[in-house]
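Take a look at the structure below.
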Amino acid sequence: MLYFILASLIYAFIAPFVHRAAGKYGIAVQAGVPLVLFVYFATFLPDVQKGEVYTEIYNWVPSLGVQLYFYLDGLALLFTLLISGFGTLVMYYASQYLKDDAGLGRLYMYLTLFMVAMLGLVTAGNLVTVFICWELTSITSYLLIGHTHEKETARQSALQALLVTGLGGMALMAGFVLLGIAGDSYTIPELLTRNDLITHSSLYLPMLILILLGAFTKSAQFPFHFWLPNAMAAPTPVSAYLHSATMVKAGIYLLARLSPALSGPDVWHFTLLVIGTTTALLGAFLALQNSDLKAILAYTTVSALGLLVSLIGLGTDAAIQSMVVFLLAHALYKGGLFMVAGNIDHAAGTREYPLLNGLHKQMRFTGIAAMLAALSMAGVLPFIGFIAKELLYEAKAASSYIILALSFMVSVAYVAVATIMGYRIFWHNRSEPTKLKHQGQVTMAYPPLILGICALVFGLMPGHFVAPILGQAASATLGETIDFELSLWHGFTPVLWLSVLTILAGIFLYSVLQKKREPIAILQKLYANGPNKLYFVLLNGLQRGALHLTATIQNGYLRLYIASIILTQVALLLYTIWYNSPTLQLQQKINLLQDVLFHEWLLILLVLPAIYMLLKTTSRLTAIATLSIIGYTASLLYYLFGAPDIAATQLLIETLTVVIFVLVLHKLPRFQYLTHAHRRIKFVVISVLFGATMTYVLLLVKQFPLISNLKEYYGQNAYLLGKGKNIVNVILIDFRAFDTLGEMTVLAVAAIGIFALLRLRMDKEEKA
Amino acid sequence: MRTIILATAIRLLIPVFQIFSVYILFRGHNHPGGGFIGGLIGSIGFIFYVMTYGTKHTLKNYFRVHLKNDKVADLHSRARHRFHIARVNSRYRQRVEDEWKWEHRIMRIRPVYIIATGLFLAATSGLIGLFSGNPYMTAIWTGLEIPIVGKPGTTLLFDAGVYLLVFGIVLKITFVMAEE
C-alpha cells in the first residue's frame, strides 16, 4: 500500500507536466490514477467484508513511537473507496469544467495531492500520521479554494478555511498528545481497546475538548460552520470533491474512528448530540434563506454533517448503522448536486435559482442527473437516500421524540431543497426558459449521472453492493461486530408514514418559499453579526496587535535587538543560577592556569590588542577585520584542542563574513557616533554582564562533569555503525541526521527570508 | 575592487575551488571535512568572482546554460540530429556557422534551485532506508570501496545535500548583497 500511496504522491507533482505534454488525452492519465487506486482498494473488499483487517507497518521514528502504519478495516475501506471513486469522477469533471482554464494542470496537482493526503488520513493507524495527513488536507484545501487567486474573495475564503481548520488542527495535535499519554500508545488499534483506561483518565476532559475542536472545525460544525459556505469560492469540482464528499467528512471519520476509544462518558454523547443537532437545524434553516445554488448546497452539507455528528453522539447500534448509510447516501447525492450546480453555473453564468427556469430542454442529461440526486436527497422510495432516512428515523425514534422531531424538521428542509434542485430549475415551466450562454455539455453531465445511478442501484439492491462494507464500517465504529442487514422495504411501519409526511411537508414548504422571497430583516442583522463577523474582528485585531508589538520591539535599531536578546538570555541564566545557587570553587581553577602552555597564552594575548583596536577604530572595515582576528584565534584554539572540523568551519565562516561585509560596505552610511559617550555606557554594561555571565556558567559547567556515555558510544560506534573515521561528520550526517535535516530546513527558510527582506527594501527604493 | 591579479587568478582558481570542495565533501567521512565545509569552500570561489566581475557577469558565465537547438533536417534520422545538436552544444563558446539559424534556449540555474535540490536530496536519502524496511534515515552502504570517495552510501547523498544547500545559500546571499 505504501508504494501505491507514494507513487500517487510523486505523480501529483508530475501532473502539471503530464497535463501540458498530453494535452487533450491527459485526462486519461489524470483520472486513471484515482481509478487505479479505486481498483486497488476494491481488491481488499472480499477480505475486509469478512471482517479481516489489513495492516502494513513501517517504522518511521521508532524512538518516538511514530510509525507509517496502514490500517485498513471496514470504516477505512469505505472512505478510501469514496475518496478514490469520487476522485476519478472529479478529475474527469474538472477536465470538462475548466477546459480552457490555464491553471488546470495546477488544479490536477492539488487535487491529486489532496486525494493522497485524504487516503493517508483514513488509512493511518498511528496518531502522528493521522495528524500529518490531516494538516496536509487543510493545506491542499487552502490551495484549492484559492484556485482563482486573482479574486480577493477566493483568497480570503481560502485563508479563512486554512486558519479555522488549521487552528483546529493545532488543538487536535494537543488532543492527540494527551490521548497518547492517557492511552499509553500512539497506535490507533491499541487505543481502541483501551476505552476504560482513556475514559477514566484525568486527562479525558481536556483531551476530548481538544479533539472535538479539531473534528468540529474540519467538519464545519457550529460555531465553526461559517468557513464552508465561504469556501464555495472554489471551482465547482473542488467544492464537489472536498466540501461535500470527502474533506469535510474527515472530522466525521475521526469521530467514528476514535468512538470506540472515547465514547462512554455522558459528556461525549451529550456534546456530540447537542452540537450536531444544532448544526443540523441551523444549516437547514440557513439553506432555505439563500438563493445561490452553491450556498444552498453548502448549508445543507453543514446540516448533513451535523446529523452525522449527532448520530455518532447517540452511539447506539441503530444510530451508527444509519450513520454509515447516510454518509454514503449523502456523498452520492450531494456530490452529484454540486456538479449539477456547476453545470448550470457554467452554462447560464448564474447560480441564483430565482433566475433559472425550465432548463430541461437545453440541459436534458444534467436535468436527469439532478432529478436522480434530488430524489435520493428527498428520500424517495427506491433510492439509497430513502433507506438512510428510514434508518435515521428509527435510530432517533429509539432515543427520544424531541430529537426525532428535530430530525424531521431538518428532513423537511432537505425535501424542499431537493425540490428546488431537481424540479424547480429544470422542469417547472412557469415563464420563459432562461437563456443560456451555451448548450449544456453532455460530457459534463456524465459524472453526476453516474452518481445518481449509483444512488438508485445501491437503493434497489442494498444487500448486494453496499451492505457488507457498510456493516464492517459500522462494526469498526462501534468497536464490536454487529449484524447488519439492509433492505429497501420495511413494511408499513410508523417510520414509513413519517417519511411520507416528510415529503408532503417538504413540498408544502417549497410552495411557501416560492411565494415569499423577501429576506427577514432581523435575521439579516443576526447573520451580519454571526461567527463570520467574529472571525474577521479577531483577525483584524491580531494583525493590528502584531503591528503594534513589532513596532515596539523591532524598532529598526539593530543594537536594541541584540541588547534585548542578550539581556533575556542573561536574565534567564542568572535566574537559574540564583535558583539553584551552586558554589563555584575558584581555587581549583586557578591551579589549572599553570597548565596553560606558552603558545596558548600567546593566542589569548593576541586577542587583547584586537579588542582594543576594535573599540578605538572609527572605520567599519577595520572593525570587521579586527573582529575576524578574534575569530581566527578561536578557530586556532579549536584546532589546538583537537577539533579540526569546527576549526575549519570557523575559519571559513570568518572569511566569508568579512568578504560579504566588504560587498555591502560601500552601501552603508559613514560610521559616526550620534549619541553622547555616557549614553553608550549602557551597551558596555550589557556586554560586560553577558561576558561575565557566560564565563561564570562555563566555569560552573566544567566543575560538574556531565555523566554520560554518549562520548564513548559515538567513539566506539562511529566506525562500526557509521563506517566513518571522522566522528563529528558521522554524527552530523548519520547518527543525528534528522537534526541536521531540521537545521538545513531552517537554513533554507532563512535564506528565503533574507532574500525577501532585501527584495522588499529594494522594491521600496525603486518606488521612492 | 577590480585588480588584474585577482581578476586573472580567480578565473583559473574557480575550477580548483570546485574540485577541492568536492574532494573535501568526499573526504569528510574519514578525515576533517564534509558537506558544510565543502559547500563553503565551493561558494568562496564564486564570491571572489562576484567581487571582481560583478553579479551579472557571474550569473551569465556560470549559472546559465546556453543551449542551441534546431529543427530536424530533412533526410536526417532523429538519432543523427540529436548527435549533431549535442556536438554543437558541447563546443563551448565556439563560433558556429549560421549563428542566426539556431534556436537559442537559456536555462538559468538560480541559487534557490540549488538550495531546493540540496534539501530534497537530504530528505530523500533517508527514504532508501525506509524502503528497505528500516526506520527513516537508516544508512545503507554499498559494498564498493572507491579511492577518495570511500564507501558510497546514503550518508554521502545526505552530505551532498548539505553541500548543495550551503553552497546555494551562500551564493544566494552573495548575489542579493552584491546586486546594485
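The values are calculated or read from the model by the stated rules, or taken from the named source; none is laboratory data. None of the values given here were measured: they were computed from a predicted structure. For neighbour counting, all protein chains shown are included, and Cβ atoms are generated from backbone atoms with ideal geometry for every residue, glycine included. In case anyone asks, the SASA skips ligands and DNA or RNA and just uses the protein heavy atoms, side chains included. Shrake-Rupley method; radii C 1.70, N 1.55, O 1.52, S 1.80 Å.
Before moving on, here are some points about what is shown:
- For the stretch B:127-150, a residue qualifies if it is in contact (Cβ under 8 Å) with a residue 24 or more places away in the chain and under 22 Å from the mean Cα position of the chain (by Cα), and the qualifying residues are B:ILE148, B:VAL149, B:GLY150.
- Any hit, the stretch A:130-141, residues being within 14 Å of another protein chain (Cβ to nearest Cβ) and β-branched (Val, Ile, Thr): yes
- In the condition set (1) at the interface with chain A (Cβ under 10 Å from one of its Cβ atoms); (2) surrounded by 16 or more Cβ atoms within 10 Å (Cβ to Cβ); (3) at negative phi; (4) not basic (Lys, Arg), B:THR117 is compliant with all but (1).
- Residue within the stretch B:164-180 that is among the hydroxyl-bearing types (Ser, Thr, Tyr) and more than 7 Å from chain A (Cβ to nearest Cβ) present: no
- Given (1) over 30 Å from B:ALA178 (Cα atoms); (2) among the aromatic types (Phe, Trp, Tyr); (3) open to solvent by less than 70 Å² (accessible area, probe 1.4 Å), index of the condition A:TYR713 fails: (3)
- Where helices (runs of 4 or more DSSP H) sit wholly within the stretch A:694-768, those with at least 2 residues that are touching a helix residue (DSSP H, G or I) at 6+ places or on another chain (Cβ under 7 Å) and within 10 Å of chain B (Cβ to nearest Cβ) occupy A:727-730, A:737-767.
- Helices (runs of 4 or more DSSP H) fully within the stretch A:116-216 that include at least 3 residues being small (Gly, Ala, Ser) and in the same structural domain as A:VAL61 (by the TED database): A:152-183.
- Candidates A:ALA28, A:ALA12: the one that is free of Cβ contacts under 8 Å to residues at least 40 places away in the same chain and out of contact with any Cys (no Cβ under 8 Å at 6 or more places or on another chain) is A:ALA28.
- Condition broken by A:MET323, with the remaining ones in (1) closer than 14 Å to A:ILE425 by Cβ; (2) surrounded by 24 or more Cβ atoms within 10 Å (Cβ to Cβ) satisfied: (1)
- The lone exception for A:GLY103 - which of (1) free of Cβ contacts under 8 Å to residues at least 24 places away in the same chain; (2) closer than 19 Å to A:THR140 by Cβ; (3) open to solvent by less than 40 Å² (accessible area, probe 1.4 Å) it fails: (1)
- Within the stretch A:1-44, the set of residues being assigned to a loop (DSSP other than H, G, I, E, B) and in contact with a helix residue (DSSP H, G or I) (Cβ under 8 Å, 6 or more places away or on another chain) comprises A:MET1, A:PHE44.
- Residue within the stretch A:533-540 that is outside the structural domain of A:LEU286 (by the TED database), within 30 Å of A:SER263 (Cα to Cα), within 30 Å of the chain's Cα centre (by Cα) and not in a loop (DSSP other than H, G, I, E, B) present: no
- Failed criterion for B:LYS68 (all others in (1) assigned to a helix (DSSP H, G or I); (2) touching a Lys or Arg at 6+ places or on another chain (Cβ under 8 Å); (3) open to solvent by less than 50 Å² (accessible area, probe 1.4 Å) hold): (1)
- Checking each residue of the stretch A:348-362 against the condition of being of a type in the set (Ser, Thr, Tyr), closer than 30 Å to A:ALA94 by Cα and assigned to a loop (DSSP other than H, G, I, E, B) gives at least one match.
- All positions within the stretch A:352-373 that are out of contact with any strand residue (DSSP E or B) (no Cβ under 8 Å at 6 or more places or on another chain) and open to solvent by 10 Å² or more (accessible area, probe 1.4 Å): A:PRO354, A:LEU355, A:ASN357, A:HIS360, A:LYS361, A:GLN362, A:ARG364, A:PHE365, A:ILE368, A:MET371, A:LEU372
- Complete set of residues in the stretch B:25-42 that are open to solvent by less than 20 Å² (accessible area, probe 1.4 Å), within 8 Å of chain A (Cβ to nearest Cβ) and of a type outside the set (A, V, I, L, M): B:GLY28, B:GLY33, B:GLY34, B:GLY35
- Selection of the stretch B:120-155 for residues being more than 8 Å from chain A (Cβ to nearest Cβ), assigned to a helix (DSSP H, G or I) and open to solvent by less than 60 Å² (accessible area, probe 1.4 Å) yields B:LEU121, B:THR124, B:SER125, B:LEU127, B:GLY129, B:THR154.
- Residue among A:SER201, A:SER244, A:SER157 that is surrounded by fewer than 24 Cβ atoms within 10 Å (Cβ to Cβ), of a type in the set (S, T, N, Q), under 24 Å from A:PHE86 (Cβ atoms) and touching a helix residue (DSSP H, G or I) at 6+ places or on another chain (Cβ under 8 Å): A:SER157
- Of all the numbered requirements in (1) touching a helix residue (DSSP H, G or I) at 6+ places or on another chain (Cβ under 9 Å); (2) free of Cβ contacts under 8 Å to residues at least 24 places away in the same chain, A:TYR58 misses one, and that requirement is (2).
- Residue in the stretch A:181-188 that is aromatic (Phe, Trp, Tyr) and over 22 Å from A:TYR71 (Cβ atoms) present: no
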